[in-house]
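Single-structure report; data block below.
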Amino acid sequence: QFDIENMSLEYIEAITHELPFTAPPSPPIEGIPDGFTDIEFVDLLLGMDLFNEIGIPMKMNLAVEGSRTGFDPTQVEIDGLEIGVPYGTLYGCDFATSGDVARTVIRLTKDSLITKYFCDTTSTVPALSNIDLLDVNQSSFVELINIVPEQITVSGKVIIHGAGRIAKGSDAWGNITLIAPMSLIFKKDILIIPD
């Protein structure tokens, strides 16, 4: 007789086919007054700092929507953003069987999409960088900037697809940052008194 009870695995080698994880949309960005017309965005920068312990290839699809009273909402869809995976010798890194974290930094502007892959969370020099220049005349991100949105919503999903390794307690997380330089336009003379 041979019994196995309370078995615990350190990691599992796996092959996946489109296992999606959908994130809830972000709350509206606050602090931009509704109906305020004398404001112009100079540019927008959408930044993502992502950390991944799951050793299976994954891609992220994002939807960024900007809306403003009196205008049709403008949506930018970014599909197939590759997230760094801590598996084998990807990006010139040498990842352990389990416990390592791959970091991915993504920056989207009206001109470019920059993706940087790091071997761990403390590296300051990327192991690999990709720069994709966007056609300014055809970029819907430029259209989103031009409507001077009062509300911006970011949503999306991550799709795990391919062969790799997942260890007990593995996780993926990150931060999204929106930097919006703007100009305030005063059409009437005003008096500013310092206090």
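The values are calculated or read from the model by the stated rules, or taken from the named source; none is laboratory data. Since this is a predicted model, take the numbers as computed values, not measurements. We place every Cβ from the backbone using ideal geometry, glycine too, and count neighbours over all the protein chains shown. All accessible areas refer to the heavy atoms of the entire protein, side chains included, with ligands and DNA or RNA removed. Shrake-Rupley method; radii C 1.70, N 1.55, O 1.52, S 1.80 Å.
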With +1 on the Cβ of every Lys and Arg and -1 on the Cβ of every Asp and Glu, the dipole magnitude of the stretch 116-195 about its Cα centre, in debye rounded to the nearest 20, is 320 debye
Taking every other residue with Cβ under 12 Å from the Cβ of residue 63 and scoring Lys and Arg +1, Asp and Glu -1, one gets -2
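Accessible area per residue for the stretch 41-107 in Å², computed with a 1.4 Å probe and the full protein assembly in place, what is it?
42 Å²
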A chain fully extended from residue 6 to residue 122 at 0.36 nm per residue, minus the present Cα-Cα distance, gains in nm 38.1 nm
Partner lysines whose C-alpha sits under 26 Å from that of residue 168, ignoring same-chain residues fewer than 8 away, are 59, 157
Given the candidates 112, 123, 140, the one whose Cα lies deepest towards the positive end of the charge dipole of the stretch 102-141, counting +1 at each Lys or Arg C-beta and -1 at each Asp or Glu C-beta, is 123
Probe 1.4 Å, all chains present, heavy atoms only: residue 190 accessible area in Å², nearest 10, is 100 Å²
Expressed in nanometres to one decimal, the distance between label points 7 Å along Cα→Cβ at residue 171 and residue 129 is 3.0 nm
